[in-house]
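J.: Structure incoming, see below.
Taken together, the values in this text are just the output of simple stated rules run on the coordinates, not laboratory data. Since this is a predicted model, take the numbers as computed values, not measurements. Note that we place each Cβ from the backbone using ideal geometry, even for glycine, and neighbour counts take in every protein chain shown.
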């Protein structure tokens, strides 16, 4: 479900013309729908209501301050992977006691910061990390809350670069080693074994991998919870979204149509997992990112040139892989639509950016409406891992970001000034 649709032949985000936003704020431009974000959070939260649960938004998906502030206001916690994310979440109004710290490479400085701030728990990825957390906690005279991340060795059948739940991945600890790890960790005086965590991958559009993983891990969780008096079991995130096609109805009927097609929805997710999880009597944590914000974003770009070769029709736009790297990195699909509906024969096109890389493309050989220089296109479903993965490659500034709510629109991140690209750099005096 999202709130991008045509009205009177023009593409709108909620009740605001995207063309008017492009005129006001320029391009490339990220636009987010406030209603979509709120709707997805509340829908998932309501679906899980029969459980004692807490949503921890995976802020790596989208860390815009306004979006974090909105989610914090709705009661969301936050799943963090760096000191920067922790401090940004706090700046957005998040309660550190509703933050979990994940990631395989936590530094001593990050662990110390998180302990001083009073985070809810560390999601621990290795036995050496347990030792390090215990050492830092002892130095600070604190007790560190931890949950070991179990790797259930379940293939989530997602893209190879975003699967995390098999023994081929760097994440978590092998299922067969977990009980021994907890036994040894229980002897470390500055740790509190608060729970257990798993996460099998991202962009999952079927419930079966979740169900298989939970069923496999449940007996282990039951034993360890009785032994160590756990508070929670975190089942991670990974709920996927629909990228193709993304331009769908914004009504509640959309959820029903997806469920009828066998596509994962909050209702299906809850129906399969609640009967398994409720008897545990533990707090259940979920860590979605993409599901909350993915369909809530669009990237607007201006057509600079249309270049025809003997074999190709290249639509060259002012956005590039530095703005949205997912197509280049994952070969991912994003629906691309004109801001004004067009009639006539579609043209097989490659939509590409201006960066000096052959991988700088948004689509290849796709049938698209014919466009000309000065027209605008919108790339949909970019709210997750869009701006969050942007870079300054080719010395290109970061795009601006706008949040829309009903008839209101606000600039929530200014376009990066070009001279800030080198503001922190220095030329040594000994270079003539």
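J.: In vacuum, with every alpha carbon of the range 317-432 counted as one equal point scatterer, what does the Debye formula give for log10 I(q)/I(0) at q = 0.17 Å⁻¹? Two decimals, please.
T.: Debye intensities relative to I(0), on a log10 scale: -0.97.
J.: Further question on the same structure: What does the convex hull of the alpha-carbon atoms of the range 1-140 project to on average, in nm²? Could the numbers behind the result be given before it?
T.: Details: hull surface 43.3 nm².
Dividing the Cα hull surface by four gives the mean projection, 10.8 nm².
J.: Could you state the angle between the C-alpha long axis of helix 208-228 and the longest principal axis of the C-alpha atoms of the chain, as a value from 0 to 90 degrees rounded to the nearest 10?
T.: Here the helix axis deviates by roughly 30 degrees.
J.: Based on DSSP, what percent of beta bridges with both residues in the chain are antiparallel, to the nearest 5?
T.: Expressed as a percentage, antiparallel bridges in the chain total about 50.
J.: Provide 8, 42 in ascending order of the number of other Cβ atoms located within 10 Å of each residue's Cβ, fewest first.
T.: If I rank by nearby Cβ atoms, fewest first, I get 8, 42.
J.: Which three semi-axes in whole Å describe the equivalent ellipsoid of the range 1-52, each the square root of 5 times a Cα gyration tensor eigenvalue, listed largest first?
T.: In descending order, the three semi-axes are 30, 12, 6 Å.
J.: Kindly give the semi-axes, whole Å and largest first, of the ellipsoid equivalent to the range 51-125, taking each as the square root of 5 times a Cα gyration tensor eigenvalue.
T.: Listed largest to smallest, the semi-axes of the range 51-125 are 19, 14, 11 Å.
J.: What distance in nm separates the simple spin-label points at residue 127 and residue 341, each placed 7 Å from Cα in the Cβ direction?
T.: Result for the modelled spin labels: 6.3 nm.
J.: Right, here's the next one. If you average the alpha carbon positions of the range 28-100 and of the range 299-339, how far apart do those two centres end up, in angstrom?
T.: Cα centres, the range 28-100 to the range 299-339: 30 Å.
J.: If you line up the long axis of helix 108-117 against the longest principal axis of the chain, both from Cα atoms, how many degrees apart are they, to the nearest 10?
T.: Between helix and principal axis, roughly 80 degrees.
J.: Considering only the range 34-292, what is the antiparallel percent among its DSSP beta bridges, to the nearest 5?
T.: 5 percent
J.: Order of 13, 99, 363, 356 from fewest to most other C-beta atoms within 10 Å?
T.: In increasing order of surrounding Cβ atoms, one gets 356, 363, 99, 13.
J.: Further, regarding this structure: For the chain, what does the relative contact order come out to in percent, with C-alpha contacts under 8 Å and a separation of six or more?
T.: Contact order relative to length: 20 percent.
J.: Take peptides 299-308, 72-81 and line them up by average Cβ neighbours within 10 Å, highest first, as a rough protection proxy.
T.: 72-81, 299-308
J.: When 55, 284, 431, 143 are ordered from fewest to most other Cβ atoms inside 10 Å of their Cβ, what list results?
T.: Listed from fewest to most nearby Cβ atoms, that is 431, 143, 284, 55.
J.: Sticking with this structure for a sec: Let me have the 222 nm mean residue ellipticity of the chain computed from DSSP H runs of 4+ only, each contributing -39500 (n - 2.57), with the sum over all residues rounded to the nearest 500.
T.: Taking each H run of at least 4 residues, the total per residue is -8500 deg cm²/dmol.
J.: For the range 34-292, what is the Kirkwood hydrodynamic radius in Å, using each pair of distinct C-alpha atoms?
T.: Working: mean 1/r = 0.0538 Å⁻¹.
Result for the range 34-292 stands at 18.6 Å.
J.: Okay, next question. Hey, what D do you get for the chain in µm²/s if you plug the Kirkwood alpha-carbon radius into Stokes-Einstein at 4 °C and 1.567 mPa s?
T.: Stokes-Einstein gives a translational diffusion coefficient of 56 µm²/s.
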